[in-house]
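Report on the following structure.
The values are calculated or read from the model by the stated rules, or taken from the named source; none is laboratory data. If you're wondering where the values come from, they're calculated on a predicted model, not measured in any experiment. Every residue, glycine among them, receives a Cβ derived from its backbone with ideal geometry; neighbour counts consider all protein chains shown. The protein model used for the area step is the full one, side chains on, heavy atoms only, and it has no ligands, DNA or RNA in it. Shrake-Rupley method; radii C 1.70, N 1.55, O 1.52, S 1.80 Å.
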Amino acid sequence: QVQLVESGGGLVQPGGSLRLSCAAAGSIVSINSMAWYRQAPEKERELVANISRYGGTNYADSVKGRFTISRDNAKNTVDLQMNSLKPEDTAVYYCNAGQVQTSRHLYLEAWGRGTLVTVSS
């Protein structure tokens, strides 16, 4: 079984920064893609950023130039550095891993439970 655990959420003032981290565990051999999604109140979950196993990245237009996604394949972790935060960035942020190969099974997708980011003065 694959587990993703997020950390780093919290309350921050507009213009501030936060760094989210996600660690994957479960006898993992490799992970193809990793990503961060978010879901604001009464809105659908949306992709924030993703990163391939080889480092290729993709960002939502709303966060380009402010957020940076990175990963450590050896540690099976993915981070999201968020700068110049805005109130509209307030949401629960979820870690996602795609095509997770463990010692026993290939999981198409895995999700963390989410971490709350609140941007408010």
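For the stretch 39-110, the strands (runs of 3 or more DSSP E) that sit wholly inside it and include 2 or more residues that are more than 21 Å from residue 19 (Cβ to Cβ) are 91-102.
Tell me, which residue of the stretch 8-61 that is within 16 Å of residue 109 (Cβ to Cβ) and of a type in the set (Ser, Thr, Tyr) is surrounded by the most Cβ atoms within 10 Å (Cβ to Cβ)? The qualifying residue surrounded by the most Cβ atoms within 10 Å (Cβ to Cβ) is 37.
Go through the stretch 70-85 and count every residue that is touching a residue at least 40 places away in the same chain (Cβ under 8 Å) and either within 14 Å of residue 116 (Cα to Cα) or of a type in the set (A, V, I, L, M) (or both). Selection size over the stretch 70-85: 4.
In the stretch 62-86, of all residues being closer than 25 Å to residue 121 by Cα, open to solvent by less than 50 Å² (accessible area, probe 1.4 Å) and not acidic (Asp, Glu), the one that is nearest to the chain's Cα centre (by Cα) corresponds to 80. When residue 89 is tested against (1) of a type in the set (Asp, Glu); (2) farther than 23 Å from residue 3 by Cβ; (3) free of Cβ contacts under 8 Å to residues at least 24 places away in the same chain, just one condition goes unmet, and that condition is (3). Taken over the stretch 17-54, the residue count meeting the criterion of being in contact (Cβ under 8 Å) with a residue 12 or more places away in the chain and at positive phi is 2. Considering the conditions (1) exposed (fewer than 15 other Cβ atoms within 10 Å of the Cβ); (2) in contact with a helix residue (DSSP H, G or I) (Cβ under 9 Å, 6 or more places away or on another chain); (3) not aromatic (Phe, Trp, Tyr), residue 89 is excluded by exactly one of them, (1). Remark: pairs (first residue in the stretch 1-12, more than 15 Å from residue 71 (Cα to Cα); second residue of a type in the set (Phe, Trp, Tyr); Cβ separation under 8 Å; 6+ apart in sequence or on different chains) = 2/107; 9/93.
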